[in-house]
Amino acid sequence: MSAFTAKELSHHKGRLVARLAELDSRLHGIEDELMSHQSRDWEDLATERENDEVLTSLGDEGKQELRAILAALKRLGEGEYGFCVTCGTRISDERLEVLPATPFCRDCAP
């Protein structure tokens, strides 16, 4: 496989930036929801805390994906996007379509 064309890089960058905006919006929504609970009823408060645990977990996953996207955008800017950080081979187009922020080829993926 060879290096990416400008059109391919633009396509991948567009997908990464769009997902970054989507995640940013979602994370702000989660943060707002976590800060909005004011219930004085113990039952409602218990339910809210359970929901908060789920929201916190979703927020943590979102932050992890956000970091992966930022790292992918950095690699793109440095001309290293789409190449496995472990073995250096080009990551397949099919894999990048499914996982645009992945730093690993199929063989090196954990």
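The values are calculated or read from the model by the stated rules, or taken from the named source; none is laboratory data. For clarity, every value in this text was computed on a predicted model and none was experimentally measured. When we count neighbours, we look across all protein chains shown, and the Cβ atoms used for this are built from the backbone with ideal geometry, even at glycine.
Here GLU80 does not qualify as over 20 Å from the mean Cα position of the chain (by Cα) and either of a type outside the set (Gly, Ala, Ser) or modelled with pLDDT of 95 or more (or both). For region 100-110, a residue qualifies if it is more than 18 Å from GLY77 (Cα to Cα) and either out of contact with any helix residue (DSSP H, G or I) (no Cβ under 8 Å at 6 or more places or on another chain) or modelled with pLDDT under 95 (or both), and the qualifying residues are ASP107, CYS108, ALA109, PRO110. Figure legend. Inter-residue proximity from region 74-88: first residues in contact (Cβ under 8 Å) with a residue 12 or more places away in the chain, second residues in a helix (DSSP H, G or I), beta-carbon distance below 6 Å, spacing 6+ or different chains. Indicated pairs: LEU76/LYS13; TYR81/ARG75. Whether any residue in region 93-103 is among the aliphatic types (A, V, I, L, M), farther than 18 Å from HIS28 by Cα, in contact with a Gly (Cβ under 8 Å, 6 or more places away or on another chain) and not in a loop (DSSP other than H, G, I, E, B) is what I want to check. Yes, the conditions are met somewhere in region 93-103. I'd like to know if region 7-25 contains one or more residues that are surrounded by fewer than 16 Cβ atoms within 10 Å (Cβ to Cβ), out of contact with any Pro (no Cβ under 6 Å at 6 or more places or on another chain) and at pLDDT below 75. Within region 7-25, not a single residue is surrounded by fewer than 16 Cβ atoms within 10 Å (Cβ to Cβ), out of contact with any Pro (no Cβ under 6 Å at 6 or more places or on another chain) and at pLDDT below 75. Among the conditions (1) surrounded by 11 or more Cβ atoms within 10 Å (Cβ to Cβ); (2) at pLDDT 95 or above; (3) of a type outside the set (Asp, Glu), CYS87 misses just one, which is (1).
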